[in-house]
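Here is the structure we will look at, set down as structure tokens.
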Amino acid sequence: MALGHRRGFDEVESVCRFNVEGECTFVNHDSAEGIAAKKTCWDCGVLWDGWRDSATGMERLPPRKLTSESPYWQYMGRVLSLNCKGPVHIRTVFSRTEGSGCFKLTGEMLGELSSSSIVRCELDLPPRSSPTLQDVARAQEVNCTECSSCNREHTSCPLETGRWYSDTLEVWIPPSCPPQGWPLVPAVIRDAAPLAVHIAHFDASHVQADP
């Protein structure tokens, strides 16, 4: 681990010492956890694209519309809170509105913790609509399939322009704090092709136990 990364990780460890049990979600970039994670340089390099609006410079998280003509694959990640322990559910809901590019959830940056597959489902929502979070929560998932490969030639991830989809990943996070030597960063990834996508939802939560 490089010196700068080590210093950042020391700060993540210090957050652990004062962390209070709370909600499992993604952290805000300006919170103590977000600032400490940023110092590990987890998002350094051209493969990472942030959630900042190019016009305003402000962070714009989902729900939002995104247009990309990037010449290479790019990840858009969010850091999991240290409150996330045990079974955790990561989910994004989206619709490609224009273009031919691929878009999917990925657990690549979760290291060995990401052992399960991404599951893609169609959502029972009107095509080319702008659903609320309540609409997303109520929508029925149908035609679910394992989503492992996302490219235009060979894909296991159906992506019809205008249709709404959910991508879901479940991971088990150990109780140690921090759970590994690097921030846990689930991400969505888009490929090197013109793409416009409406991202209605991207979040993390504890898996609820069956009653």
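Bear in mind these aren't lab numbers, they're just calculated from the coordinates by the rules spelled out. Given the structure is predicted, the values throughout are model-derived calculations rather than measurements. Note that each Cβ is placed from the backbone with ideal geometry, even for glycine, and that neighbours are counted across all protein chains shown.
Side notes on the structure shown:
- Gyration tensor verdict on region 36-145 (Cα atoms; rounded if a/c is under 1.5, prolate if a/b is larger than b/c, oblate otherwise): oblate
- In range of the label at residue 46: residues from region 67-105 whose backbone nitrogen is under 20 Å from the point 7 Å along Cα→Cβ: 67-77, 101-102
- What the Cβ-Cβ distance of residue 98 and residue 172 gives, at R0 = 41 Å and to the nearest 0.05, is a FRET efficiency of 0.65.
- The modelled label-to-label distance between residue 149 and residue 72, using points 7 Å beyond Cα along the C-beta direction, is 2.3 nm.
- Straightening the chain between residue 108 and residue 129 buys 4.5 nm, computed as 0.36 nm per residue apart minus the Cα-Cα spacing.
- Nearest-0.05 FRET efficiency for residue 31 and residue 161, computed from C-beta distance (R0 35 Å): 0.45
- Spatial offset of region 163-211 relative to region 91-132 amounts to 9 Å, using the alpha carbon center of each.
- Residues whose amide H falls under 5 Å from that of residue 182, counting only those 5 or more places apart or on a different chain, are absent, with hydrogens built in the peptide plane.
- Viscosity 1.002 mPa s, temperature 20 °C, Stokes-Einstein D of region 111-189 from Kirkwood C-alpha radius, µm²/s: 145
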